[in-house]
Each structure stands twice: as structure tokens, then as C-alpha cells.
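Each remark here refers to the structure printed beneath this line.
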Amino acid sequence: MTLCRPLWPWAVLIGVSLTACTTPAGKAVGQEMQPELPSYKAIYRIPVPEKLPEHPRVFCTADDLARIRADMEAGDEYTTICVNRILSQAESYGSGPVEFNSKKPWRADFHRAATLAQAYALSDNEVFGQGAKDLLLAFADICPGLETTRERGRFTGSTLREGGLAVDAAMAYDLIANAPFLTDADRLHIEQDLLRILGWECGHRCGHTNSSNWRTWALAILASCGFAIGDHELIDEAVNGVYDPDRKVYLYGMVQQLTHSIFADGIHWERSMGYTYYTASALVYIMVAAKNSGIDLWHAELPGLLGPFEGSARHEEYGPAGNRSLKAFLDGPFYYAFPGGSLAQVGDSSTGSVRYHQIYELAYKEYEDPKYAWLINRERQGAGDVPTGWSLWRARGNPQAGPLLNGGRGGKVAFRLQTDSDDRIALVQDVRVPADAKLQVSGWVKALGMQGASAHIRCNSGESTVFTNRVREVGDWRQVRAQIPPEQGATEGKSRSVRLHLFLEDGAGEVLWDDIVVTVGASERNIALNGSFENGRGYTFWDLVHSPKEVPAGHYSLQDDAQIGINGRHVNGCTLFPVGGFALLRADATDVDATAINFTFGPYGSGHDHPDRLHFDLYALGEVLCPDAGSWGYDNPMHLTWANQTIAHNTLTVDQVSQYPQGTSDSIWARERGEKRVFGQLRMFHHGTHLKAVRATCDTAYEGVTLDRTLCLVDNYVLDVFRVASSQQHTYDLALHGRGQVTTDAALVGADENPFTARGYRHLTDVRRGSPPAGLFRAVFSDGQRSVRMLQMHPQDGEIILGKDPKENHDTSVCIQRRQCQDTVYVSVLEPYIEGPTVRSLSGQEQDGALVISVEHTTGRDSFTVPASKDEAVILTRFDERGIRRVEEVAEMTF
């Protein structure tokens, strides 16, 4: 007898029927009984033009350069600033012999070549072009003799680090390829001994073959080098991918990444918003290079992959049917956000809010989406923390900083710094200048309050440091100045980097900075970038070519219903990513203080995912109050022993061992093995008027254990019903992490030392534990004015464990509800508040196989019927303070 089971379980959830025969023991009965996979030759491909446009064609075109020259001649201020900056930087490199600081070039040397080529393209000054040529030829001399590293780097250690370097090399060659000072022998040498080697060794041979960000960077290398040298083999792999018979895998191209690696709802396979933006940094180069040669990946109608094929990626998120595009990927972060723009830092993500990225400048020109215009304008108007061209260094304490609109000397933008007595902060920019030239640095300061603080500019150049005069007293705008002498012994053609620090230090104070000017020698050209903090457009060659001059105000609101890709949905302020496996419930999408949750239940998304099925982040009062562990950095041992452990998340741990595939693995890159997968199944998603709710189950995180969580959002509180069932006895730990300190009035006993040795657990401090009597248990997480109170129906013999989490950026604490049994149900209510909680009590009982739960609050009582059956509806009945029924709402699958 044989049984039939889904081979690709997640595919079943999105309408793809794929089965394989197995024995009752779950083992395949023979290779001959497995379904034969379609040939890779049958997948969709985009034609690649046989003849490519003339150079330049990779990241800019002749038309782009003609437009820039016309704008320059017309006196366009932005164009003038950009061009002058590029020319100044190129001049600072000089025209001396090619020298490297080590045996082989660094990333900065390739950037130097690109800058010189840009300057040549903008000015026709052959001195710049010759400098770029000399560098490229030197790179080509060295490249064949280098060994490719294990992680497929040539000049660097890996494909990831080689990506930007290859982009610069390809750009430099493309901009001078048709120059008269380049011989056919020069071209052949650069193409074959540099760019083709980079494309083949660091792109094609990259060990990541399909959906990861590594593969996207490999594609950026393939596309950059391929289009630069007109190599159709590299180009076709970048666009359409290629089957590798040696590795017996299909190396994904952009077509497969857009139709499989990016899911139908816009979520990327790695399921991390941080890596969404990082992947976008590689995508821009592929999209631009392809379009400049007549391959429009922005608007191509690409049919989504409906099932595996010969050599395809092992993850199963295929279908549903329909055309895919990059737009779903770009839209995703907008609808993954909480009110106010904060993001849950799920998986290996440290990205805390919806971010500007240069890809949206390009995407706006392609799609004219008002969301993208809104994001671009927010960046250009200085809504970001740091103005374009600058970085912020919080050297000590918790100083405050940000742009002040209408606060500048001319009535526009100033940059504000504020410190307490022990704080220290600086706005920082590096400028590159000729080493043999004198430098003048100046800026304007307005001191709003000074209690011992000093405002000044510190200029670091090599081993020397120069300070401007200091402002220590309250007063109107005053100028600070300094002169930096030439570098001793510097020869013509040598350059140096000078780092500017706009400091506020040595005490408490508040100042505004404006009009930073840096000039070289007798020149009046200001080489400081965005010294007036007014223009949010970038000033690089890339920005000059691709940044649209004017963008309308745009519009973005979570109040507007939307479709995300093929099957992502945003309705009534709530969002479902059904393939990526995220549900966001928002009480009021327009109120930045309103309660919201991000619930994760989807497939395991590579080593950048965490063992956190059925975890949720709780947002309210403008902050993520119950957060994910996030990313601690891959070189930090805590990333493995804390961030990658289930107990560091707001979900259930069984027997003090993390969910599969992390388990007891010693790797931070733990991944699914063989045909064993971990994924949740969505059971219900409801975006009603009074009730927002989601339910999902997971029976693959722990062998023989079924997890079942229902979350109901009503007004500003969350009802959490977490069922767990097994045929075996287990220790179940349901953790909730909250900002600040956790307290309770229950009688718990402190421990001198942490009594736990298991991973994750052993990092807890200030551990208190006990077994309160059965009844209503209360705990409060407090962080400044904000608090979250948890009410929990506590059973007889249940244990409560409180402790402090290890600290990275913020203080967080944990409440662990421990039970030792086969089956149990956790019922809790979470309520964020400032002035005081409104929920008074929580009670419940089982009736006809369902839990009937009562939540009493200051305006009445809410009754929830939460069935045990995974496919029945949740019912909310609301009563006013007089006991009169006012509302009944049924929560079913509304997706």
C-alpha cells in the first residue's frame, strides 16, 4: 500500500497540485515513480538582441550625456554642482603613474577609474580618459594572475564584494570604449583579461545558484561585464539564466528571479526587509543595463513559474498563474509597514522603517506610482535623518539630530544638533582634494542653547588635525573657519581625503549648522557636498543620469486598498502576503499611535530567516513594543546563540530547543535538509470593521507537535489564543518580549544565577520564576511612558519565568509561560497604554469544542468564540456597559 502526500506542501496553498508517491514510512518507493520534471529548455526566455547599441550603453547612453551637456550649458544649478563635483574629484586623482597601496587594486581604485571615465564623458578631457584607461589596463594586467577565492572573489574575497567593483570597471570601460586613445589591443586586453574573467569567475561560478541576494549580485556582475563587452553568453545568463551540467542546477537569471525568487505577493524568498533593500541595490544595475540595450525587464510580461523544472531552486513557492513584474517587489515594503512607516525587523533585518532607495527613482520613471513619488520627495525634502552626502556619528550618549526646515540662514534648511552634558555628536563628510593644495573650510553656526558645549569643525587629514574657531555662547549666525596646509612633501597628482566633523561636544547645547564650504587653493568652487542641506537629490554620476529632475508630491496612505502583485492584498488597513507568509493587522491605518501586529507564518526563507513560525511583533504608540530579536551581525556569537533561537521570539519553544531547521545546529545559516520543509498554513484572515483577525497553524516546526495561533485585534488590544498539541509529553515555553522592564504582582522567586543552560535561555539575566495559583496572571512591560499589560489565563501547575533579554540597541525583557503537558491552550490579552489600561478582566470556558472568551473593558464586554476546528469562523460579539448586544462580526477567510 502506498500513500500520496504533497511533495511541495506550500504549493498546495497557492493552487498548484503536485504530488509524489510515498510508502507509509514516508520514503519514496523508487525514482521511477517520481514525477518527471519539465526540461529547463521549456521555461520562458526573453530574446536578447543580436546587435547591441554603440557605447556608452551600460549605465548611461549618448542621449543621457547630451541631455546633461545641454542642462550644463543652460546653467542648471543641480547639473552644474554634480558635474563640477565629478570633475573636482577626477582632478584630485591627478595624472601620475598608476600605483596601488597593495599587491592588487582595492575597491577604491576601481571607483577611481569610474570617476575618471565619468569626468572624461562629461568634459571630453582626454587627461581623465587616459587616467581611466591606464587603470583598466593595469587591472587587466593583474587579473589573470589572481586566484578566485572560495566565495568567488577575484580582487576581493567574494561575489558580494566583487559586485560594486565590477560595476565600476564596466562603467569605466563603457564610457571610454570608443575613445580614440584606446587601441584595439587595449580593448581586447580589458575585455578578455578583466571584464570577462570577472563575469565568468565571480558571476557565473558563484556558489549561490538561484534565489539568494548572492545570485542577484552575481547577475549584476554578469550584466555589467556582459553588456560592457558585448558578450552574449554573459548577457543571456544575466537575463535568462543557464543550465550548468557540471553542477546539475539551473543558474537563475533575472527572468527566474522575477518569476520565482520574488513571490507572487512581492515578498522576496529571503523574507527579510533588510535583504529586500540589499537585493534592490544589485537589481538596479541589471534593470538599467538591460533596458539600455533594448531588453525592458520593467514591463516585460513574465509568466510566473507554476512548478519545479530541471535544476530549479528547491524552495516551492510557485504560482499562482499570472504575469510577474518587479513592481510587486517594490510595493511590498510600503504595505509591510506599521502606521508611521516602522518595519518589523523579522529575520536577519535591521531595517527599522520604510526606506528611500535609488531604485525608486528609476521605478518612478517607469511606473509613475504616486507612492514612489511620495518616497522620493520625502527624501529630497530632508525628511530623512541625515542629509544627502553626509553621515551622522553619535560618538557618545544619546544626542539628537535632524534637519530643521525653514531654519537655515536663507530661510531654508539647517541641520540641528542637540546634546546633554555627556553626549557627543558630529555630522561627517569626506572630501577628496589634491594633496599639494591648500584647503579652506568654513561653516555657519547658530547657537540656540549652550551649557558648556562647543560647536566647531574638526578636519582630519592623514595624521594631522585642524580645528576651526569654536562657538560656545548663545547667539545668532556666526562663521567658523580653518585653513588646511598642503600635505608635506606631496607631489603633483597625489590626492588626499579630508574628513570634516561638524561637532557639538564638551557639554549640553543645541545648535544649527548651515552653509558648509570647502574650497581648494584659489578656486571658488565649493567641493563640499550639499553644504546647505537643501537638495535631497544625490550628487553622483548615477544620480545625474537617472534621478528625475522633478517629481510630483505623490501620495501614500495605508488607508487606500491595494493589490500587491498577483495575490497580495491590502484591504481596510490590513495586509496579507499569502505566499511570503505575513499578515499585518492595523486597528487604524491612519493613526501612528494605533495598535498593529505583524504575524509571520510562511515558508522558511533561507539562512536569513529565523526559527520563528507563528511569531508576531506588536506595534503601538509610535513604537514596536514587542519586537523580534532582529539581526545581531554575523560575526557576533550572539547572532547564533540568541537572535537565531526561537526563545528570542514571540512564539512557542518546545523542550528548550529551537524550531526546525535551527534546532541544535551550530550554524547561523541552518537550512532545510532534503525534502523536509517548515512552513505555516494560513487558516483565516479577516479585515472587518470591528474585528481584524488572523489564524495560522504549523506542524512542521517540531516533529509531532502542532502549533495553532489565532490573533484578534479589537480597538487597541490583542487577543492571543495559542493552541499546541502532541501525542507526547513536552515542555512548552510561550515567550513574549517587550520593551523596557517587566513586572508582576505574582509571587516569583529570584535566582542568584541564571538557572538555564540551553541556547538562548542562558543569556537571560535577573531571572525570576514561580508557579502562581490558577487564575488571571498579570505582567506589565514598561518603557518610559509606554506600557504593555498582559493578562493571561493561567492554569494550575503552570510556571511563569521573567527575565531581562541581552541588550543590543534597546532594553527588552521577557515573560515565558511554561507548561509541561501534551496539549494546552494559552489565552492572553495584550494592551498598550500610556495613561492606564482599559481592559479589566479576561475569562473563558470551553463550549461545544470552541473557546468562548470574555474580555471586559471600560466601555463594555467583548465575547469571542474561537473554534477548535481550524476552518471554522471566529465570532466577536460586543456588549455595551449595560449588557446590551451592539455588534456581532464573523471572521472568516476573506482572502
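Only one of Asp141, Asp134, Asp168 is of a type outside the set (A, V, I, L, M, F, W, C) and under 25 Å from Ser281 (Cα atoms). Can you tell me which?
After ruling out the rest, the residue left standing is Asp168.
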| Qualifying residues in region 651-674 (those that are in contact with a Gly (Cβ under 9 Å, 6 or more places away or on another chain) and either in a loop (DSSP other than H, G, I, E, B) or acidic (Asp, Glu) (or both)) - the one farthest from Gly347 (Cα to Cα) | Gln656
| query | Say we look at region 199-229 and pick out the residues that are open to solvent by 40 Å² or more (accessible area, probe 1.4 Å) and out of contact with any Asp or Glu (no Cβ under 8 Å at 6 or more places or on another chain); which of these is farthest from Met171 (Cα to Cα)? | reply | His208
| request: Please give the number of the condition Asn406 fails out of (1) open to solvent by 20 Å² or more (accessible area, probe 1.4 Å); (2) under 30 Å from Tyr93 (Cβ atoms); (3) free of Cβ contacts under 8 Å to residues at least 40 places away in the same chain. | output: (2)
| note | Here the residues within region 200-215 that are within 17 Å of Tyr604 (Cβ to Cβ) and part of a loop (DSSP other than H, G, I, E, B) are His208, Asn210, Ser211, Ser212
| message | With the structure loaded, tell me whether Val825 is crowded, with 19+ Cβ neighbours inside 10 Å, modelled with pLDDT of 95 or more and within 30 Å of Arg695 (Cβ to Cβ) or whether it fails that test. | response | no
| request: Look at Ser495 and say whether it is touching a Phe, Trp or Tyr at 6+ places or on another chain (Cβ under 8 Å), among the polar types (S, T, N, Q), over 17 Å from Leu427 (Cβ atoms) and open to solvent by 10 Å² or more (accessible area, probe 1.4 Å). | output: yes
| query | Of all residues in region 729-761, which are hydroxyl-bearing (Ser, Thr, Tyr) and buried (at least 19 other Cβ atoms within 10 Å of the Cβ)? | reply | Tyr732, Tyr761
| message | Looking for something open to solvent by 20 Å² or more (accessible area, probe 1.4 Å) and of a type in the set (Asp, Glu) - is there at least one such residue anywhere in region 384-395? | response | yes
| Every residue from region 386-423 that is closer than 15 Å to His501 by Cα and of a type in the set (A, V, I, L, M, F, W, C) | Val386, Trp390, Leu392, Trp393, Ala395, Ala401, Phe415, Leu417
| request: Tell me, please, whether a residue that is out of contact with any strand residue (DSSP E or B) (no Cβ under 6 Å at 6 or more places or on another chain) and farther than 15 Å from Val827 by Cβ can be found in region 712-720. | output: yes
| query | Taking Glu162, is it acidic (Asp, Glu), at pLDDT 95 or above, out of contact with any strand residue (DSSP E or B) (no Cβ under 7 Å at 6 or more places or on another chain) and open to solvent by less than 50 Å² (accessible area, probe 1.4 Å)? | reply | yes
| How many residues are out of contact with any Lys or Arg (no Cβ under 8 Å at 6 or more places or on another chain) and assigned to a strand (DSSP E or B) if we restrict to region 481-497? | 2
| Selection status of Trp642, farther than 30 Å from Ser863 by Cβ, in contact with a Phe, Trp or Tyr (Cβ under 8 Å, 6 or more places away or on another chain) and aromatic (Phe, Trp, Tyr) | yes
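Look through region 369-411, keep the residues that are assigned to a loop (DSSP other than H, G, I, E, B) and among the acidic types (Asp, Glu), and return whichever of them is farthest from Gly332 (Cα to Cα).
Asp385
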| From the options Thr812, Thr765, residue that is surrounded by fewer than 17 Cβ atoms within 10 Å (Cβ to Cβ) and hydroxyl-bearing (Ser, Thr, Tyr) | Thr765
| task | Any residue in region 54-79 that's exposed (fewer than 11 other Cβ atoms within 10 Å of the Cβ): show its pairings with residues that are assigned to a helix (DSSP H, G or I) and at pLDDT 95 or above at Cβ separation under 9 Å, as long as the two are six or more apart or on different chains. | result | Glu54/Ala62
| message | Step by step: first the residues of region 784-800, then only those that are of a type in the set (A, V, I, L, M) and under 33 Å from the mean Cα position of the chain (by Cα), then the one that is surrounded by the fewest Cβ atoms within 10 Å (Cβ to Cβ). Which residue is that? | response | Met790
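Here's the yes/no breakdown for (1) closer than 24 Å to Ala70 by Cβ; (2) crowded, with 20+ Cβ neighbours inside 10 Å; (3) among the hydrophobic types (A, V, I, L, M, F, W, C):
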| site | (1), (2), (3) |
| --- | --- |
| Ala522 | no, no, yes |
| Arg525 | yes, no, no |
| Leu529 | yes, yes, yes |
| Gly536 | yes, yes, no |
| His546 | yes, no, no |
| Glu550 | yes, no, no |
| Gly554 | no, no, no |
| Asp560 | no, no, no |
| request: Would you be able to say whether some residue in region 677-689 is under 25 Å from the mean Cα position of the chain (by Cα), over 23 Å from Leu711 (Cβ atoms) and not in a strand (DSSP E or B)? | output: yes
| Which condition does Trp632 not pass, out of (1) part of a loop (DSSP other than H, G, I, E, B); (2) within 30 Å of Arg885 (Cα to Cα); (3) not charged (D, E, K, R), if it passes all the others? | (2)
| strands (runs of 3 or more DSSP E) lying entirely in region 828-870 (those with 1 or more residues that are open to solvent by 30 Å² or more (accessible area, probe 1.4 Å) and out of contact with any strand residue (DSSP E or B) (no Cβ under 6 Å at 6 or more places or on another chain)) | 839-847
| Restricting the search to region 230-239, which residues are crowded, with 24+ Cβ neighbours inside 10 Å and more than 15 Å from Gln256 (Cβ to Cβ)? | Leu234, Ile235
| query | Which of (1) open to solvent by 10 Å² or more (accessible area, probe 1.4 Å); (2) farther than 30 Å from Val354 by Cβ; (3) modelled with pLDDT of 95 or more is the odd one out, the single condition Thr653 does not satisfy? | reply | (1)
| Is there any pair linking a residue in region 730-750 that is of a type outside the set (A, V, I, L, M) and modelled with pLDDT under 95 to one that is open to solvent by 10 Å² or more (accessible area, probe 1.4 Å) and in a strand (DSSP E or B), with Cβ under 6 Å and at least six apart or on different chains, and which? | Gly750/Arg768
| request: Name the single residue, out of those in region 635-650 being outside any helix (DSSP H, G or I) and open to solvent by 20 Å² or more (accessible area, probe 1.4 Å), that is modelled with the highest pLDDT. | output: Asn636
| query | Out of the residues in region 287-340 that are assigned to a loop (DSSP other than H, G, I, E, B) and aromatic (Phe, Trp, Tyr), which is surrounded by the fewest Cβ atoms within 10 Å (Cβ to Cβ)? | reply | Trp298
| request: All but one of (1) over 20 Å from Glu237 (Cβ atoms); (2) of a type in the set (D, E, K, R); (3) open to solvent by 40 Å² or more (accessible area, probe 1.4 Å) hold for Arg152, so report the exception by its number. | output: (1)
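The values are calculated or read from the model by the stated rules, or taken from the named source; none is laboratory data. Since this is a predicted model, take the numbers as computed values, not measurements. Positions of Cβ are backbone-derived with ideal geometry, glycine not excepted, and every protein chain shown enters the neighbour counts. With ligands, DNA and RNA removed, areas are computed over all heavy atoms of the protein, side chains included. Shrake-Rupley method; radii C 1.70, N 1.55, O 1.52, S 1.80 Å.
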